[in-house]
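Reading through the structure tokens given below for one structure.
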Amino acid sequence: MDMRLVYFVLFVIIAFALAMCTLESTRTTKSIGKSVGLLEFSLIPPVIGNAIFVFSSYKLVSIIGYYIYIIGMDIVMAMLVNFTNYYCGGRRDSKRKPTVMYFILSADIVQILLNVVFGHAFDVQYLEFDGKPYYKLIPHFGCTLHRIVDYTILACVILIFALIASKTTRVFRERYTVIILALVIICLWRVFYIWSKQSVDRSMIGYGIFGILVFYLAVYYRPLRLLDKMLSRIASRIPDSIFVYDPNGKPIWINEPAKALTGVNEDTLELVVERLTDMFGKRDDDKTDWSEDRVIGTGDEALYYSLEMHSVMDEKNHLMGSFLYVRDHTEEKLKLKRELYNLNHDNLTGLYTQPYLYEKIRERLDNDKEKEYFLVFLDVKNFKIVNDIFNSAFGDFALCRIAEWIKENMTEDCLYGRIAGDTFGMLVPSDDFDADKIEEDLSNFKVTDGNVEHQLHIYLGVNAVSKSDTDVSVLFDRAHFAISSVTDEYNTHIAFYDDKLREKVMWDQKISSYLHEAIETMQIRPYLQPITDNGGNVVGAEALARWIHPEYGFMPPVKFIPLFENNGMIVDVDKHMWRCACRLLSEWKGKHDDLFISVNISPMDFYYINVVSEISKLVKEYDIEPKKLRLEITETVMMNDADNRMRILEEFRKQGFIVEMDDFGSGYSSLNLLKDMPVDVLKIDMKFLSDSTENEKPMKILKNIIKLSEELEIISLTEGVETKQQYQQLSEMGCKLFQGYYFSKPVPEDEFEEYLKKSV
């Protein structure tokens, strides 16, 4: 057989195989495909070069073949370096490129090409091989240098692979060791060729096989042993239970959580099915793929699991086995329950929060329209005093005691929660509402923490739910409003929202809607009540708001002032009265220069506006003296944020205003405030001592209040004077100013002018 032809055909086949590998490498989506393709393609020229000089009988053709082979080997080394850099180092752009090696290989190619001129690299020798002319390579210095360069680089590549293999895990090492062995075999084969001085370089076959092997390892090979161990380790570390079955449903592997769940191990795997059936029950259907949730136990002891069974099929859709995934999400469920509970329950009392209570009430009313319900609003009177007198800790304790009382007195059909602060809400079936028992409980509702005992004044507003579609907040507003109807605060603790209150609510809504028009059209106007001195001379007047409605006629203050004080609209009324008073004082210039006008500042004004700025602007606008516009405040103004209110009053006095304390004696802390409050005039309410002219004790109190104000350099003004006797007695006590029906009732501006003329 012609061996030269055999080698030629073999080299052609190898070149073709390498070409196919090159094509497939460029088609792959793997990032390493380009590097593999370049290596595969670089192996083709030296293989073709070997085929040429093995088969050729012509010297020139053989020399060309040797040039292709030798230069091709330099290119192979360059592409092998490129492949090694990628295969062992990861991303190409994440490593430094081996530029020095590329430069050395390029220089070697140049010196081989210069062999045409200098003949320093190689020559050919004629001999016969298989009876035909054959030109064998005769290496010179240049060829020896070429071999040193190539084998040095090849040795470096082998060393790199060896270092990487030594650092990686044993199961991952095979992808490197296979390449190392192939390269070592090629080197030994090549050394044997050079040492034996054979005519044909058979080591090129090894390079071709190496190229095909690299293609397989880089593009198609998957380290199954590695994958098997990695997947096993991953599955073992998953915190959920995994059970693996063969095609017959026999358990073949379970991870550690599965062992803990079922109490079995590798030696007792056959018990898995029995244990799982005991825990979760037996399925009724024969589905191979399914998922479901299971609950074991009840209440707080319940355990929550999710189960998923999946079949595993091969490429021919044959069943390979299956696995069961069991996840214990009890902690997640409990955490969710805790979060929902905390979201829907008040942190302090444990009752429903206001939004959740409204939601549950709405749901109950929508789903149970046959049963009659009461909506109950619970409020604690003056609860702020509890915190002020004792402390917030005792206040919280009191709120918890109220919550306990609600729980003890509500049935299973009731809904209840904390609305805000010291207010609570309840939905109670009307048949379950025992008004007598509740009155008895609330008449002496005492709270004690072992050290302190305090009686709370608790009131319930009750609204019978007539229309279930009414907004829950509106129903509670009506129940809350009912509490305002309680007059006997010590013997009555329950108030029902009825037709009378409903009419009042409608009246309040209607009259509130009229306010702005009433101010603009002067339906609300100042009525002036004279203020006289102890000589009977008029020294000023108090401006009081009166409403002359075009439909309802004259409306007394009690019809609208309390409403506007509650809803905050009193601020608009007060601003209007301040402007009217400033206008009158401006008109009195040159006519009544010695008169002043007192105006009221409501507690609400301090919340909604800057009273100092508003009143100061009006005084400047109408160009009047500040002392002519006296400012009346009640002691309730000082109930909240007393320090800030003190500063505001001091600012008024600095600007020249005279500050009056109105309704002295109507609150619980007048004397306490009087020592610190910056006031110029003390208005004593005669209603406080209505029998002062007939009873010796009230007279003594009144006399001492007047004396106290004098010693504090505060002018005393008694309002509500109705008889001449009262006037004379108060004058004898030292009172400086007087106001009341004995002198005049509040009258319109024109009548006040007439009164001034008569009093002159």
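The values are calculated or read from the model by the stated rules, or taken from the named source; none is laboratory data. Keep in mind that what you see is a predicted model, and the values were worked out from it rather than measured. Every residue, glycine among them, receives a Cβ derived from its backbone with ideal geometry; neighbour counts consider all protein chains shown.
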Take the range 141-164 and flag every residue that is of a type outside the set (Val, Ile, Thr) and either within 30 Å of residue 118 (Cβ to Cβ) or at pLDDT below 80 (or both).
141, 142, 143, 145, 146, 147, 150, 151, 154, 155, 156
Hey, could you check the range 188-246 for residues that are surrounded by 14 or more Cβ atoms within 10 Å (Cβ to Cβ) and of a type in the set (S, T, N, Q) and say which is modelled with the highest pLDDT?
241
When both residues are 6+ apart or on different chains and their Cβ atoms are under 9 Å apart, which pairs have a first residue that lies in the range 133-161 and is in the same structural domain as residue 86 (by TED's automatic domain parsing), and a second that is in a strand (DSSP E or B) and β-branched (Val, Ile, Thr)?
135/124; 136/124; 137/124; 138/124
Conditions first: (1) under 30 Å from residue 475 (Cβ atoms); (2) under 43 Å from the mean Cα position of the chain (by Cα). Residue 575 passes all but one, so which condition is the exception?
(1)
Kindly indicate whether any position in the range 623-634 is farther than 25 Å from residue 684 by Cα and touching a Ser or Thr at 6+ places or on another chain (Cβ under 9 Å).
yes
Out of 55, 41, 16, 8, which single residue is within 60 Å of the chain's Cα centre (by Cα), in the same structural domain as residue 111 (by TED's automatic domain parsing) and aromatic (Phe, Trp, Tyr)?
41
Can you name the number of the only condition in (1) among the polar types (S, T, N, Q); (2) surrounded by 15 or more Cβ atoms within 10 Å (Cβ to Cβ); (3) closer than 30 Å to residue 374 by Cα that residue 534 fails?
(3)
Which of the residues belonging to the range 725-760 are part of a loop (DSSP other than H, G, I, E, B), touching a residue at least 24 places away in the same chain (Cβ under 8 Å) and within 24 Å of residue 580 (Cα to Cα)?
740, 743, 744, 745, 746, 748
Would you point out the residue of the range 50-66, among those that are part of a helix (DSSP H, G or I) and in contact (Cβ under 8 Å) with a residue 60 or more places away in the chain, that is surrounded by the fewest Cβ atoms within 10 Å (Cβ to Cβ)?
59
Only one of 153, 160 is more than 21 Å from residue 46 (Cβ to Cβ) and surrounded by 12 or more Cβ atoms within 10 Å (Cβ to Cβ), namely 160
Checked 422, 449, 499 against criteria (of a type in the set (Asp, Glu) and over 26 Å from residue 397 (Cβ atoms)); the one match is 499
Just the residues that are among the hydrophobic types (A, V, I, L, M, F, W, C) and under 32 Å from the mean Cα position of the chain (by Cα), please, taken from the range 403-434.
403, 415, 419, 420, 424, 426, 427
Which of the residues belonging to the range 429-474 are surrounded by 13 or more Cβ atoms within 10 Å (Cβ to Cβ), among the acidic types (Asp, Glu) and touching a helix residue (DSSP H, G or I) at 6+ places or on another chain (Cβ under 9 Å)?
441, 449
Of the listed residues (126, 69), the one being over 22 Å from residue 180 (Cα atoms), part of a helix (DSSP H, G or I), of a type outside the set (A, V, I, L, M) and touching a Pro at 6+ places or on another chain (Cβ under 8 Å) is 69
With respect to residue 84, is the statement that it is in the same structural domain as residue 179 (by TED's automatic domain parsing), in a helix (DSSP H, G or I), hydroxyl-bearing (Ser, Thr, Tyr) and free of Cβ contacts under 8 Å to residues at least 24 places away in the same chain true?
no
Residue count for the range 295-310, restricted to those that are free of Cβ contacts under 8 Å to residues at least 12 places away in the same chain and assigned to a strand (DSSP E or B)
1
Can you tell me which residue within the range 269-287, out of those that are assigned to a loop (DSSP other than H, G, I, E, B) and among the acidic types (Asp, Glu), is nearest to residue 252 (Cα to Cα)?
286
Checking the structure you have, find out if any residue of the range 378-396 is touching an Asp or Glu at 6+ places or on another chain (Cβ under 9 Å) and either β-branched (Val, Ile, Thr) or assigned by TED's automatic domain parsing to the domain that holds residue 257 (or both).
yes
